[in-house]
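Peer 1: Quick one: this structure, given as structure tokens, is what I'll be asking you about.
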Amino acid sequence: MSEIPKKGNTTAAPTPQNTPANNAPISSHAQQPVVGTIKEEELDRATAATILAQNPKLVQMIQGKLGSLVGRSSGYIESLPTAVRRRVAGLKGVQKQHSKLEAEFQEEVLELEKKYFAKFTPLYSKRSKIVNGEIEPTDDEVNAGENDKDKEDEPIVTPDGKESSEIKGIPEFWLSAMKNQASLAGMITDRDEAALKDLVDVRMEYLEKPGFRLIFEFAENEFFTNKILTKTYFYQSESGYGGDFIYDHAEGEKIDWKDDKDLTVRVESKKQRNKSEVPVNIPNKLV
């Protein structure tokens, strides 16, 4: 809960519609990398770290070798006939033209997204009001959504005998939405759910420079005093290969946790036995 989202497993590009859980380039040409299993990666990293930690001279030698290779040509291009080298240079020139057009394309795509975001905003505002019980949907809106109706949409009777139509808005709407999103569902723990039940709205805004901010609005809750939590995503100032925006980093707002309600801290309670085999409590440990 210290950051939203905390962890993910996605190969999709980081955009306002699909925010990143880790560093990844925004590219229309992105492909899913071929990697080993998590178990294999952890084993390889642990083994490599152990070897390097025990051999500082080996680390120094590797760094020296790699440093000497930076900027060095493999010699392949130089070995080609003059006419072929000329054609290769020409292809590089063509690629530069393509990269320039790709950069212009990405800029126009961003402007188009902003244009339609302005059109979407009133709909998002109405959604928020319906979810939080400030207004009721019109008959036309209800009729338009009837085609998506299924058994789950039928009135549900609560334990106290009240029909769901008497409940204000749509309780736990955002928690339900997140749990029904495959890339988010696996990140949400039972402890997170307790706080996310009070999430009343999620909004997005663009930055002046390439980037965007997610805004999470909470009702008063037992976990923290913040009414608003934000997470801002920044792109690098320079475009990547092909003119694509490159995700740089994200900054999350500090959460002001209430006493003993920090969801990022786990309390371990242990017992130990004295010589008479009688259980004795020891102080809780924060981890």
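Peer 1: Using beta carbons and a limit of 8 Å, which pairs, at least six apart or on different chains, have the first residue in the range 73-86 and free of Cβ contacts under 8 Å to residues at least 40 places away in the same chain and the second one of a type outside the set (D, E, K, R)?
Peer 2: 77/88; 80/88; 85/77
Peer 1: Could I ask something else about it? I need the full set of residues from the range 187-210 which are surrounded by 15 or more Cβ atoms within 10 Å (Cβ to Cβ) and part of a loop (DSSP other than H, G, I, E, B), in order please.
Peer 2: Within the range 187-210, 187, 188, 197, 198, 210 qualify.
Peer 1: Mind telling me which of the residues 99, 73 ends up being surrounded by 10 or more Cβ atoms within 10 Å (Cβ to Cβ) and among the small types (Gly, Ala, Ser)?
Peer 2: Exactly one residue qualifies, and that residue is 99.
Peer 1: A further question on this structure: Could you give every pair whose Cβ atoms fall below 7 Å, whose first residue belongs to the range 247-265 and is under 17 Å from residue 226 (Cβ atoms), and whose second residue is among the hydroxyl-bearing types (Ser, Thr, Tyr) and surrounded by 14 or more Cβ atoms within 10 Å (Cβ to Cβ), counting only separations of at least 6 or pairs across chains?
Peer 2: Listed pairs, sorted by first residue: 251/232; 253/230.
Peer 1: Now, a different point. Condition first: loosely packed, with under 10 Cβ neighbours inside 10 Å and either touching a residue at least 24 places away in the same chain (Cβ under 8 Å) or not basic (Lys, Arg) (or both). Now tell me which residues in the range 119-132 satisfy that.
Peer 2: Matches in the range 119-132: 122, 123.
Peer 1: Can you say whether residue 140 is acidic (Asp, Glu) and at pLDDT below 95, as far as the supplied structure shows?
Peer 2: yes
Peer 1: Of 119, 92, which residue is in a helix (DSSP H, G or I) and at pLDDT below 95?
Peer 2: Every option except 92 fails the conditions.
Peer 1: Does the range 263-273 contain any residue that is surrounded by 13 or more Cβ atoms within 10 Å (Cβ to Cβ), modelled with pLDDT of 75 or more and outside any loop (DSSP other than H, G, I, E, B)?
Peer 2: For the range 263-273, residues surrounded by 13 or more Cβ atoms within 10 Å (Cβ to Cβ), modelled with pLDDT of 75 or more and outside any loop (DSSP other than H, G, I, E, B): absent.
The values are calculated or read from the model by the stated rules, or taken from the named source; none is laboratory data. On a predicted model such as this, the values are computed, not experimentally measured, just so you know. Cβ atoms come from the backbone with ideal geometry, glycine included; neighbour counts cover every protein chain shown.
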